[in-house]
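Trainee: Please find one structure pasted underneath; my questions will follow.
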Amino acid sequence: MSAGGRLLGCGLLVTIFLVACTGSGSEGPPDPDDPANGTSDAAPNVLIIVTDDQRAEGTLDVMPTLRRLFEEEGTSFTNAVATTPLCCPSRAGIFTGQYSHNHGVTRNNKGPEMDERSALPHYLQEAGYRTALVGKYLQGILGIKRPPNFDDFTISGGLKYYERPTNVDGKQRIIARHATDFMGDMAARYIRRFEERDDQPWFLYVAPNAPHKPFEPETKYAEAEVPAFEPDEAALETDVSDKPPYVTDTDFTLGEPQTVWTQQLRLLMSVDDLVGKIFRAIEAGDEENTLAFYMSDNGLMLGEHGLFAKRVPYHQSVAIPLLARWPDHIEAGAEDDRMVANIDLAPTIMGAAGIEPSAEFPIDGRSLLSDARRDRILLEEYENTVHGLPDWASILSNSYQFTEYYEKGTGDLMYREYYDLESDPFALENLLGDDDPDNDPDLQSLGEDLDAIRSCVGAECP
Ligand SMILES: [Ca+2]
Ligand SMILES: [Ca+2]
Ligand SMILES: [Ca+2]
């Protein structure tokens with residue numbers, strides 16, 4: 001079945017929203033008895049939950065509430081990536097629908113580079129939404145000031161889970177209890193507040209710091225049993241001589257994989273509670289017309305190819321969980337294996353809300369509710385601040401990954417990697433690092449393609 005079929009013809013409904021919201025359909029209000037009008041004639045409420053450093057594989061196993069709400073009642077995107085696998089650039093990509101080379105937030109401290117007028121909160125507020133944020137905004141030097149274009153906010157910064165500095169609607173406080181527990185209550189409170197004024201659609205962005213380090217689970221989960229970490233073939237790779245020198249030279253480690261895994265899953269148990277609190281409030285309100293997403297900002301490598309890292313182009317660093325639900329609009333219990341990304345959220349939401357993006361800020365992503373199917377996607381990381389990690393850009397398709405690494409500062413080409421993902425799904429053998437020219441890919445066309453898409457804009461982007 002096609003992806004479009006799985007999504008129950010949402011393109012049609014999006015078209016209806018456009019007509020309804022722009023007023024260009026002068027035929028009078030939509031007839032609720034007309035089946036073409038579906039169940040909704042108003043712009044949907046929008047919820048985005050973004051976790052921090054939650055890798056895709058296996059991490060939903062400890063989240064039964066999330067799985068019921070989003071897997072059973074929504075669609076799981078099983079081939080989703082963060083185009084720049086790092087907090088601030090990825091979150092700017094969620095807000096703008098743009099690759100990092102277009103939104104300009106290439107580092108964690110470059111949040112101010114994002115033009116607020118290009119971002120979802122601005123567009124939605126302009127369209128009449130009430131907007132609220134709970135958790136992290138972008139990151140870095142913005143601190144915990146009022147985030148732009150949010151009517152209500154509970155914003156916090158830093159890393160710790162207990163005694164976390166938080167600004168609640170303009171009042172700075174230290175929150176003694178566990179951050180995830182507190183954020184769930186605040187998110188639910190905002191939804192109840194929104195639903196008191198039911199004529200106004202709302203946008204709620206919830207960004208817990210979990211399960212990022214330091215690994216401080218909530219007391220009630222501190223000793224919770226979790227599934228064992230199961231290293232895959234990439235984690236068991238012993239010969240990385242085919243790979244660029246940084247793979248062996250980087251000595252960054254988070255600790256022993258089993259320990260990090262265990263603590264991250266315990267932190268995610270609290271996130272599952274947060275999801276439950278939010279949906280109890282939504283179910284008491286306007287569940288039928290709420291478009292909701294659950295995702296992570298980037299993945300995390302737990303020893304694959306010997307790396308403990310995000311900010312690198314390998315699968316476990318870029319792959320993210322991404323699930324969506326919208327009763328009667330997005331199919332329940334479905335899996336969608338299209339190659340999708342963090343930059344697809346903004347065009348999906350703007351389409352559903354009937355918002356036309358400004359020509360000044362072309363959108364690179366594609367609506368998840370459209371039939372669009374990529375054949376490849378761009379991954380990129382510039383101004384890498386971790387010592388020893390080079391900058392890079394990569395083309396990822398379902399059949400191969402081609403990566404170029406560049407010297408910081410000069411941008412000079414340093415190394416290239418090519419993996420045939422059909423015969424080598426765990427990326428164990430870089431065909432450009434095996435001293436065998438006979439199996440090399442067509443470097444000229446790959447190099448030209450990567451050169452072109454590294455500066456793509458809008459519809460020309462993959
Ligand atoms: Ca992150
Ligand atoms: Ca190898
Ligand atoms: Ca070769």
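Trainee: Tell me, please, whether a residue that is over 25 Å from the mean Cα position of the chain (by Cα) and either free of Cβ contacts under 8 Å to residues at least 60 places away in the same chain or not assigned by TED's automatic domain parsing to the domain that holds ALA281 (or both) can be found in segment 201-219.
Mentor: Yes: segment 201-219 contains one or more residues that are over 25 Å from the mean Cα position of the chain (by Cα) and either free of Cβ contacts under 8 Å to residues at least 60 places away in the same chain or not assigned by TED's automatic domain parsing to the domain that holds ALA281 (or both).
Trainee: Among the residues of segment 55-70, write down those that are part of a loop (DSSP other than H, G, I, E, B) and either closer than 27 Å to HIS122 by Cα or acidic (Asp, Glu) (or both). First the steps, then the outcome.
Mentor: So the first thing to find is which residues in segment 55-70 are part of a loop (DSSP other than H, G, I, E, B), and the list is 55-58, 63.
Result: GLU57, single match.
Trainee: Is it true that HIS305 is more than 17 Å from the chain's Cα centre (by Cα), on the phi > 0 side of the Ramachandran plot, crowded, with 18+ Cβ neighbours inside 10 Å and not assigned by TED's automatic domain parsing to the domain that holds HIS387?
Mentor: For HIS305, the condition - more than 17 Å from the chain's Cα centre (by Cα), on the phi > 0 side of the Ramachandran plot, crowded, with 18+ Cβ neighbours inside 10 Å and not assigned by TED's automatic domain parsing to the domain that holds HIS387 - is met.
Trainee: What's the total number of residues in segment 428-459 that are of a type in the set (Asp, Glu) and within 10 Å of ligand 3 (Cβ to nearest atom)?
Mentor: Residues in segment 428-459 being of a type in the set (Asp, Glu) and within 10 Å of ligand 3 (Cβ to nearest atom): 6 in total.
Trainee: Among the listed residues GLU429, GLU407, GLU383, identify the single one that is of a type in the set (D, E, K, R) and closer than 30 Å to ASP337 by Cα.
Mentor: GLU429
Trainee: Further question: For segment 409-421, how many residues are more than 14 Å from ligand 3 (Cβ to nearest atom) and either surrounded by 14 or more Cβ atoms within 10 Å (Cβ to Cβ) or of a type outside the set (A, V, I, L, M) (or both)?
Mentor: Number of matching residues: 6.
Trainee: Mind listing whichever residues of segment 281-330 are of a type outside the set (Ser, Thr, Tyr) and within 16 Å of ligand 2 (Cβ to nearest atom)?
Mentor: MET301, GLY303, GLU304, HIS305, GLY306, LEU307, VAL312, PRO313, HIS315, GLN316
Trainee: Being buried (at least 16 other Cβ atoms within 10 Å of the Cβ), in contact (Cβ under 8 Å) with a residue 12 or more places away in the chain and over 20 Å from the mean Cα position of the chain (by Cα) narrows it down to one of THR180, THR166, so name that one.
Mentor: THR166
Trainee: So the check is Cβ under 7 Å with 6+ separation or different chains; which pairs have a first residue in segment 330-354 that's of a type in the set (D, E, K, R) and a second one that's at pLDDT below 95 and part of a helix (DSSP H, G or I)?
Mentor: GLU331/ARG6; ASP336/ALA3; ASP336/ARG6; ARG338/ALA3
Trainee: Follow-up. So LEU124 ticks every box in (1) of a type in the set (A, V, I, L, M); (2) farther than 18 Å from THR290 by Cα; (3) in contact (Cβ under 8 Å) with a residue 24 or more places away in the chain but one. Which box is left unticked?
Mentor: All conditions pass for LEU124, except number (2).
Trainee: Just wondering, is there one or more residues in segment 351-362 that are part of a helix (DSSP H, G or I), surrounded by 15 or more Cβ atoms within 10 Å (Cβ to Cβ) and in the same structural domain as ASP297 (by TED's automatic domain parsing)?
Mentor: Yes, some residue in segment 351-362 is part of a helix (DSSP H, G or I), surrounded by 15 or more Cβ atoms within 10 Å (Cβ to Cβ) and in the same structural domain as ASP297 (by TED's automatic domain parsing).
Trainee: Out of curiosity, is ILE155 under 22 Å from TYR129 (Cβ atoms), touching a strand residue (DSSP E or B) at 6+ places or on another chain (Cβ under 7 Å), surrounded by 14 or more Cβ atoms within 10 Å (Cβ to Cβ) and of a type in the set (A, V, I, L, M)? Before you say what the answer is, go through the steps one by one.
Mentor: Numbers: under 22 Å from TYR129 (Cβ atoms): yes; touching a strand residue (DSSP E or B) at 6+ places or on another chain (Cβ under 7 Å): yes; surrounded by 14 or more Cβ atoms within 10 Å (Cβ to Cβ): yes; of a type in the set (A, V, I, L, M): yes.
Considered against the rule, which asks whether it is under 22 Å from TYR129 (Cβ atoms), touching a strand residue (DSSP E or B) at 6+ places or on another chain (Cβ under 7 Å), surrounded by 14 or more Cβ atoms within 10 Å (Cβ to Cβ) and of a type in the set (A, V, I, L, M), ILE155 comes out as yes.
Trainee: Condition (residue is under 30 Å from GLU288 (Cβ atoms) and touching a Ser or Thr at 6+ places or on another chain (Cβ under 9 Å)) applied to segment 99-118: is it met by at least one residue?
Mentor: No, the conditions are met nowhere in segment 99-118.
Trainee: Among the residues of segment 55-100, how many are touching a strand residue (DSSP E or B) at 6+ places or on another chain (Cβ under 6 Å), within 16 Å of ligand 1 (Cβ to nearest atom) and more than 17 Å from VAL340 (Cα to Cα)?
Mentor: So the answer is 0.
Trainee: Only residues in segment 270-294 that are farther than 13 Å from ARG68 by Cα and polar (S, T, N, Q) count as the first member; pair them with residues that are surrounded by fewer than 18 Cβ atoms within 10 Å (Cβ to Cβ) and modelled with pLDDT under 95, Cβ under 9 angstrom, at least 6 apart or cross-chain, and list the lot.
Mentor: Once the first residue is farther than 13 Å from ARG68 by Cα and polar (S, T, N, Q) and sits in segment 270-294, its partners that are surrounded by fewer than 18 Cβ atoms within 10 Å (Cβ to Cβ) and modelled with pLDDT under 95 give ASN289/THR39; ASN289/ALA42.
Trainee: Looking only at segment 281-302, which residues are of a type in the set (A, V, I, L, M) and either within 14 Å of ligand 1 (Cβ to nearest atom) or closer than 30 Å to ASP232 by Cα (or both)?
Mentor: Selection gives MET295, LEU300, MET301, LEU302.
Trainee: From the list THR131, THR106, THR78, THR84, which one is of a type in the set (Val, Ile, Thr) and either within 16 Å of ligand 3 (Cβ to nearest atom) or at pLDDT below 95 (or both)?
Mentor: Within the list THR131, THR106, THR78, THR84, the selection yields THR106.
Trainee: Going by the structure shown, is ASP424 under 19 Å from TYR314 (Cβ atoms) and either more than 16 Å from ligand 3 (Cβ to nearest atom) or out of contact with any strand residue (DSSP E or B) (no Cβ under 9 Å at 6 or more places or on another chain) (or both)?
Mentor: Answer is yes for this residue.
Trainee: Somewhere in segment 238-260, is a residue aromatic (Phe, Trp, Tyr) and surrounded by fewer than 23 Cβ atoms within 10 Å (Cβ to Cβ)?
Mentor: yes
Trainee: Restricting segment 220-248 to residues that are more than 16 Å from ligand 2 (Cβ to nearest atom) and out of contact with any helix residue (DSSP H, G or I) (no Cβ under 8 Å at 6 or more places or on another chain), which is nearest to ASP424 (Cα to Cα)?
Mentor: First, the residues of segment 220-248 that are more than 16 Å from ligand 2 (Cβ to nearest atom): 220-230.
Okay, now just the ones that are also out of contact with any helix residue (DSSP H, G or I) (no Cβ under 8 Å at 6 or more places or on another chain), so 220, 223, 225, 230.
Numbers: LYS220: 42, GLU223: 38, GLU225: 34, GLU230: 19 Å.
If we take residues in segment 220-248 being more than 16 Å from ligand 2 (Cβ to nearest atom) and out of contact with any helix residue (DSSP H, G or I) (no Cβ under 8 Å at 6 or more places or on another chain), then GLU230 is nearest to ASP424 (Cα to Cα).
The values are calculated or read from the model by the stated rules, or taken from the named source; none is laboratory data. Quick caveat: nothing in here was measured; it's all calculated off a predicted structure. Glycine also receives a Cβ, built like all others from the backbone with ideal geometry; neighbour counts cover every protein chain displayed.
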